[in-house]
Every structure is written in C-alpha cells, then in structure tokens.
1. Given a Förster distance of 35 Å, report the FRET efficiency between LEU53 and ALA75 from their Cβ-Cβ distance, rounded to the nearest 0.05.
2. Please report, to two decimal places, log10 I(q)/I(0) for segment 72-138 at q = 0.12, 0.13, 0.26 Å⁻¹ as given by the Debye formula with identical point scatterers on the Cα atoms and no solvent.
3. Please report, in cubic angstrom per residue, the volume enclosed by the convex hull of the alpha-carbon atoms of the chain.
4. Have a look at the DSSP beta bridges in the chain and tell me what percent are antiparallel, nearest 5.
5. Which value, in debye to the nearest 20, describes the size of the charge dipole of the chain about its Cα centre when Lys and Arg Cβ atoms bear +1, Asp and Glu Cβ atoms bear -1, and nothing else is charged?
Amino acid sequence: MASPDAVIDLHGLRRALNGANAAVIAGIQNGSIAVFRNARHDLEKAYPNLYALFQSIPGRKVYVDVTVPHKARAAVLLEQYGASVFTRKPSISAFHELSVALDEGLMLISADKGLFDLQQIATKCGVGHNLLVNVTNL
C-alpha cells in the first residue's frame, strides 16, 4: 500500500460519496488518499447510509489522526487568524486539519463549507493555499 499523498475531511468525503467520485474512491482504496479518523466517526454518526458506502470500499483504508504537535500548530494558526467577537470564526477542526496537511506535506481534499473555512484560514494566515483541493476537481 502506498503512503498517502492527500487526506480528506468529512466535507470532502461526504461530497465524494454522494457523487460517487471514482478518483476519490480509488484513492481511498489504494491508500493514496487517507481519511481523517474523526471524519470516519462523524460520517458513521451523521450519515449512516454514506458510512455503509464508505465501508464497502474494498481494501485497507489509511487513517490520519490529529496529534498533539498538530494541535499546537493549530493553536498558533488560530492565534494568527484572530477574530473579533462579531465575526464568524472557522471551527477548530479546520485549523487542526490544515495543520496536519502542513506538517505532513499532504494535499487536503475538502468541499463546501469545510473548503471555504480552510481557504479563509490559509488566506488570513498566509499558509497552505497550495495544499487545498476541491473534491469536485478530482
């Protein structure tokens, strides 16, 4: 099994499974696309029908966990991002996911609100734009 070149979050996974994105499914199957472990758990809880489809992908899936060093980098990004009380801030998981991609040198596949949040962080902090991929472009 190949080491992953990319990691996919819940937003990207949900979109890929809904659209039966062959490239993403093949990447998960051959190990070139890893899945955030928390995205797998969230998929199981919130989208049981898509989780069943995810489980039906043959082969051993590669999972990525958010570690303490990733959380430390996310804290730095969160501080750089800043936000006033009156502005909407991306979720902490978006900071964690971007930190993993930066630290591990992985492309980060996402979609919809998740991708929008990641792009906001990357723009405001000046990092990681080249790592973000819209699942619909695969």
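1. Calculated transfer efficiency: 0.50.
2. Rounded to two decimals, the profile gives -0.27, -0.31, -1.20.
3. Per residue, the Cα convex hull of the chain comes to 105 Å³.
4. Antiparallel: roughly 0 percent of the beta bridges in the chain.
5. That gives the chain a dipole magnitude of about 240 debye.
No lab work stands behind these numbers, since they all come straight from the coordinates. These figures come from a predicted structure and were not determined experimentally. Neighbour counts are summed over all protein chains in view; Cβ atoms, including those assigned to glycine, are modelled from backbone coordinates with ideal geometry.
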